[in-house]
Amino acid sequence: MRKPIRTSLLFLLLTGSVFAQSKLKRQHIIDLCTNEEQTFLFNPKGKTTEEITKQTDTKGRVVVNRILYTYDKDKVTRVQRICNDTLISDATSEYINGDLVHYRRMVKGKMDIDEAYTYKKGQLLSHITTTPEGVTVKEVTYNNPQRTSEAVTRKDAKVIEVVKESREGNMVTKEFLTPPFIRPTVTKVIVYDYDGNVIDERTLKNGKEVKRIICRFENNIPVSKKVFENGTVVFEGLYDEYGNPLKEQDFTKKTVVIYENKFNTQHNLREVKVIRNDKEECIKKIENEYY
């Protein structure tokens with residue numbers, strides 16, 4: 001199911017501890033690492049209503065990007081993206097009984113994507129996607145006693161993908177088949193904790209594991225993350241008690257990034273010093289305003 005909000009991981013980590021302690025009204029971030037200035041506005045329920053990003057391009061021109069969010073209760077019903085006062089895209093979502101039934105995005109006045117969903121007892125039955133390139137139809141069948149499902153995707157009436165899913169306890173296995181549909185080209189094995197967080201995700205191609213991501217959470221807050229490719233660790237991250245990054249090591253690029261976090265009296269981030277390979281790289285300054 002489509003999730004219209006696509007907020008950056010950095011923003012989520014920066015604000016992760018705020019909602020639990022205070023009602024955030026406005027957050028202003030001066031990011032000297034990317035030469036960006038970001039402002040986030042929130043409603044009294046803690047939902048993001050506007051994101052504003054200012055940056056200077058290579059020609060010295062100031063570019064202002066805005067994202068506006070409209071809600072119906074807790075659901076996002078509209079997302080507008082604006083660049084220098086010009087509407088770039090306008091996306092709307094419709095829900096019935098909490099399920100997304102229609103999503104449509106216009107880009108510069110032209111339809112970019114239109115999606116329709118149907119359900120039965122909360123389970124997705126069909127997903128029809130219309131784009132300028134054509135119409136794609138995904139239909140899902142379920143065997144609830146066996147906890148299995150099969151999704152068949154067609155384009156121009158031709159089957160292009162079959163996804164078989166099975167569940168056992170807190171583990172979900174997804175097999176992706178493409179023509180000639182003899183065996184899975186990609187298999188994903190996903191393990192969840194009791195709060196629904198992904199703690200182990202394995203990707204196999206032609207039966208061989210090519211990627212694995214292991215995460216650990218405490219009270220729904222990330223504590224650590226480790227990424228493997230072809231059995232070799234390529235990334236490792238550690239996070240503080242609020243989910244803010246403390247250390248990230250990229251073994252492929254041979255970089256180690258340390259984050260020195262400073263907090264205000266409400267235990268919210270007010271400054272992040274980024275140290276890469278033992279050299280101070282930049283500073284992010286965060287100002288929070290509360291209701």
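Quick look at the numbers
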item	result
Residue list for the range 119-135, restricted to those being surrounded by 14 or more Cβ atoms within 10 Å (Cβ to Cβ) and under 23 Å from residue 148 (Cα atoms)	119, 124, 125, 126, 127, 128
Breaking point among (1) within 30 Å of residue 204 (Cα to Cα); (2) assigned to a strand (DSSP E or B), for residue 95	(1)
Residue count, the range 182-216 (criterion: modelled with pLDDT under 95 and of a type in the set (A, V, I, L, M, F, W, C))	1
Selection count, the range 48-74, where residues are in contact (Cβ under 8 Å) with a residue 24 or more places away in the chain and either farther than 16 Å from residue 27 by Cβ or surrounded by fewer than 17 Cβ atoms within 10 Å (Cβ to Cβ) (or both)	2
Matching option when the condition is within 24 Å of the chain's Cα centre (by Cα), over 29 Å from residue 208 (Cα atoms), open to solvent by 50 Å² or more (accessible area, probe 1.4 Å) and not β-branched (Val, Ile, Thr), among 241, 260, 236	241
Any strands (runs of 3 or more DSSP E) falling wholly within the range 199-291 and containing at least 1 residues that are closer than 30 Å to residue 175 by Cβ and in contact with a Gly (Cβ under 8 Å, 6 or more places away or on another chain)	208-218, 221-229
The one condition in (1) under 15 Å from residue 245 (Cα atoms); (2) more than 17 Å from the chain's Cα centre (by Cα) that residue 222 fails to fulfil	(2)
Residues of the range 37-71 classified as part of a strand (DSSP E or B) and within 21 Å of the chain's Cα centre (by Cα), total	18
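The values are calculated or read from the model by the stated rules, or taken from the named source; none is laboratory data. All of these numbers come straight from a predicted model, not from anything done at the bench. Backbone-built Cβ (ideal geometry, glycine too); neighbour counts: all protein chains shown. All accessible areas refer to the heavy atoms of the entire protein, side chains included, with ligands and DNA or RNA removed. Shrake-Rupley method; radii C 1.70, N 1.55, O 1.52, S 1.80 Å.
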